[in-house]
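Nothing in this text is a laboratory measurement; each read-out follows from the coordinates by a stated rule. Because the structure is predicted, anything quoted here is derived from the model rather than measured. Positions of Cβ are generated from backbone atoms using ideal geometry, with glycine treated the same way; all protein chains shown enter the neighbour counts.
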Amino acid sequence: MRIQDRVIALLLSLALPVLSAVLLVAFTMGTIMLSTNDRAILWATGTPAQLDDIEHQVHRNPWFKHGRTRRDSENNPLPPECDADAREFSFASLGEIEAQAAREILELIASRSGARICLTNMFVINELPDAEHQNGLQKVASVILATSLLPCATVFFIYILLARKLNLATFVGNRGHWTQSLSWGFGAGAAASLALALAATVAAFTTGRTQAVDAVTLGNVGLGMAFALVLAVPVMEEIAFRGWMLPLAQRAVGALPAATLSAVLYAVANLPDDGWSALGYLGLGAIFSALFLRTRSLLACMVAHVQVSAWAFWLA
């Protein structure tokens, strides 16, 4: 293959991963802008009288009606910055421009009570949708945005449209065996889950982290976003990084460099927040890339990725 053809193939291999990342960012921002379920939260420590005074004012605040107070428990552990007697205070069901104001109100209430503020925060799209305050159009928009169905469908449509023309791999591999693809997918998914479990154990001993890749819970993100994180986004990423990028990049630079590039860009696209997360995503990208090169099956990679994502929810 001529050098210019290699360059074209390499650049073309990046097109769908870049498009998928742009679509995800756009739809995530849309979800944030339409959300009315943000939460402003504060943790404070002090005397029982001071904390009771904060609780009284939070639950009777004239501007923010959805006040909540929680104590330390197994299901609601306190941040490490707080003492054992600290309590959590928050306002929920906040719109896009209300969260910062609610946070400042919480800080003002805590300061006037004489308690010590140990931590404040704002959680965006953290709460389950409030169906009572949504009309039909808002409900449909919330589902479409939260589940990432449109970005996933767009990437899938482009892949199906151009797969044969670009001579990309088939959905179930060159041999066309569904059972074989499923077997490889479940096996690789189990191996990847075990590898992350071992990495989480090492991270817990060395840094205090409990997992190598950040996990989220259904209670934190809601059913729609859980669907996106466990199913829609993994499927879209496998189409973009393995089904599209890997075979095109392989023609330009060879199998091993293409697999390495696919794994690295996959890790970067997931925006790891520290070294352990980066290693976790890089390891997953390497496993999925190796699986694709072995089977040439997009289905096997999808099954493995969805299995790992579901395991991350179970771990949380």
Original post:
Binning every alpha carbon pair distance of the stretch 38-124 at 10 Å from zero, what are the percents per bin?
Top reply: 19, 55, 25, 1
Subject >> Ranked packing of 74-84, 292-302, 263-273, most packed first, by mean Cβ within 10 Å >> reply: 292-302, 263-273, 74-84
Original post:
Residues with beta-carbon under 15 Å from that of G189, excluding G189: net charge, scoring Lys, Arg +1 and Asp, Glu -1?
Top reply: 0
Original post:
Sorted by average packing, counted as other Cβ atoms within 10 angstrom per residue and highest first, what order do 229-235, 63-69, 284-290 take?
Top reply: 284-290, 229-235, 63-69
Subject >> Cβ-based net charge around D72, under 14 Å, with every Lys or Arg adding one and every Asp or Glu removing one >> reply: -2
Original post:
D for the stretch 276-316, whole µm²/s, Stokes-Einstein with Kirkwood Rh over alpha-carbon pairs at 20 °C and 1.002 mPa s: what number?
Top reply: 200
Subject >> Environment charge of T45, counting only residues whose C-beta is closer than 9 Å and scoring Lys/Arg +1, Asp/Glu -1 >> reply: 0
Original post:
Could you give me the ³J(HN,Hα) list for the stretch 282-291, computed from phi with Karplus coefficients 6.51, -1.76, 1.60 and θ = phi - 60°, whole Hz, x at Gly and Pro?
Top reply: 5, x, 4, x, 5, 5, 5, 5, 4, 4
